[in-house]
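To start, the structure itself, in structure tokens.
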């Protein structure tokens, strides 16, 4: 009936000092940040693909996947800017199950939060050092963002977190673009309120400090579908949905009116192969309407080395242990097809 305090974890400054970025890594990250922000600001025509496993489980298959993304990035660089997903925190609806590498650097071992912090920092560092990719992660715990703040070029706030005050205020002080998902119930007003909060300045309590945020002009919407009163998945990536969000932005007066469409989750009903059709449908909508083209900056796709999903004890290299993902062959073909259509 109480919390048992196990140990005090090191503060982010200490972990960063133990595992620092090289000067070259810092320069690569800065250039990546510039390119990504230019897309949200409308000064770049590149299309963002935030793509990768549902959750990062082991470093080796994640880095193998990222090495393949590096190869295809060179082929589509004139059209597409890839941001690999390295999602190290996994939200669970009931709190049960695998919670990500932060909790369990080995999915079959007991939780170890310190080893987890070190593991996720090393993984993001490896992606930057070896493949020149600064990546995306989900902000499940706002107080943990600072452990990776010098590495992340994109941050997502999930559908279960988007109404939370601390997530919204922390997003307002993050330098990277932050995507605010529509909630699981689908109410766009909740998502829009979160974006207003994230784009505004606030004074609030963070990691024991009184802080003042400047507001994040690159905070934006992520459409991921929703679940209705009967438990059915309902998609919200269609042409009419995008026009509606564009109208909401116009009424809001926000400085940034950007959308990323999540092709999985309730948009696909977690039928991972549907992501191919949905991605092409969104690009088609952009090509039909200049307002939608200006609004939709990219896609979020769940993809890994192997199709589908597995149990944590199955040990198939590069196959998701959480939500099912597109395998590499289908992913490569999809990226090339999208580049042809953009």
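The values are calculated or read from the model by the stated rules, or taken from the named source; none is laboratory data. Please read these numbers as outputs of a predicted model, since none were measured by experiment. Every residue, glycine among them, receives a Cβ derived from its backbone with ideal geometry; neighbour counts consider all protein chains shown.
If you filter the stretch 245-263 down to residues that are out of contact with any helix residue (DSSP H, G or I) (no Cβ under 7 Å at 6 or more places or on another chain) and part of a helix (DSSP H, G or I), you find that the one that is farthest from residue 292 (Cα to Cα) is 251. Of the set (1) surrounded by 16 or more Cβ atoms within 10 Å (Cβ to Cβ); (2) modelled with pLDDT of 90 or more; (3) over 18 Å from residue 304 (Cβ atoms); (4) out of contact with any helix residue (DSSP H, G or I) (no Cβ under 6 Å at 6 or more places or on another chain), all apply to residue 99 but (2). Among the residues of the stretch 304-342, those identified as out of contact with any strand residue (DSSP E or B) (no Cβ under 8 Å at 6 or more places or on another chain), free of Cβ contacts under 8 Å to residues at least 60 places away in the same chain and over 18 Å from residue 84 (Cα atoms) are 311, 314, 315, 316, 337, 340. Residues that are outside any loop (DSSP other than H, G, I, E, B), closer than 29 Å to residue 7 by Cβ, touching a strand residue (DSSP E or B) at 6+ places or on another chain (Cβ under 6 Å) and at pLDDT 95 or above occur in the stretch 129-137; there is at least one. Condition check: touching a residue at least 24 places away in the same chain (Cβ under 8 Å), crowded, with 23+ Cβ neighbours inside 10 Å and assigned to a loop (DSSP other than H, G, I, E, B). Does residue 159 satisfy that? Here the answer is yes, as residue 159 does meet what is asked.
For the stretch 284-302, which residues satisfy the criterion of being touching a residue at least 60 places away in the same chain (Cβ under 8 Å) and surrounded by 15 or more Cβ atoms within 10 Å (Cβ to Cβ)?
Just the residues of the stretch 284-302 that are touching a residue at least 60 places away in the same chain (Cβ under 8 Å), to begin with: 294, 297-302.
297, 298, 299, 300, 301, 302, listed by residue number.
Look through the stretch 175-185, keep the residues that are under 14 Å from the mean Cα position of the chain (by Cα) and assigned to a loop (DSSP other than H, G, I, E, B), and return whichever of them is farthest from residue 262 (Cα to Cα).
Residues of the stretch 175-185 that are under 14 Å from the mean Cα position of the chain (by Cα), as a first pass: 176-182.
Narrowing further to those that are assigned to a loop (DSSP other than H, G, I, E, B): 176-177, 182.
Numbers: 176: 19, 177: 16, 182: 10 Å.
Ranking the qualifying residues of the stretch 175-185, first place goes to 176.
Scanning the stretch 162-180 for residues that are farther than 15 Å from residue 192 by Cα and touching a residue at least 60 places away in the same chain (Cβ under 8 Å) yields a total of 3. For the stretch 181-197, a residue qualifies if it is touching a residue at least 40 places away in the same chain (Cβ under 8 Å), under 20 Å from residue 233 (Cβ atoms) and surrounded by fewer than 24 Cβ atoms within 10 Å (Cβ to Cβ), and the qualifying residues are 183, 184, 185, 186, 188.
With the structure loaded, tell me whether residue 278 is crowded, with 16+ Cβ neighbours inside 10 Å and assigned to a strand (DSSP E or B) or whether it fails that test. No, not satisfied.
Does residue 324 meet the test of being surrounded by 16 or more Cβ atoms within 10 Å (Cβ to Cβ) and out of contact with any helix residue (DSSP H, G or I) (no Cβ under 8 Å at 6 or more places or on another chain)? Lay out the reasoning, then the answer.
Working: surrounded by 16 or more Cβ atoms within 10 Å (Cβ to Cβ): yes; out of contact with any helix residue (DSSP H, G or I) (no Cβ under 8 Å at 6 or more places or on another chain): yes.
So residue 324 passes the test.
Restricting the stretch 287-320 to residues that are under 18 Å from the mean Cα position of the chain (by Cα) and over 17 Å from residue 242 (Cα atoms) leaves a set whose member that is modelled with the lowest pLDDT is 320. Residues in the stretch 207-240 that are in contact with a strand residue (DSSP E or B) (Cβ under 9 Å, 6 or more places away or on another chain) and farther than 20 Å from residue 49 by Cα: 210, 211, 212, 213, 216, 226, 227, 228, 233, 234.
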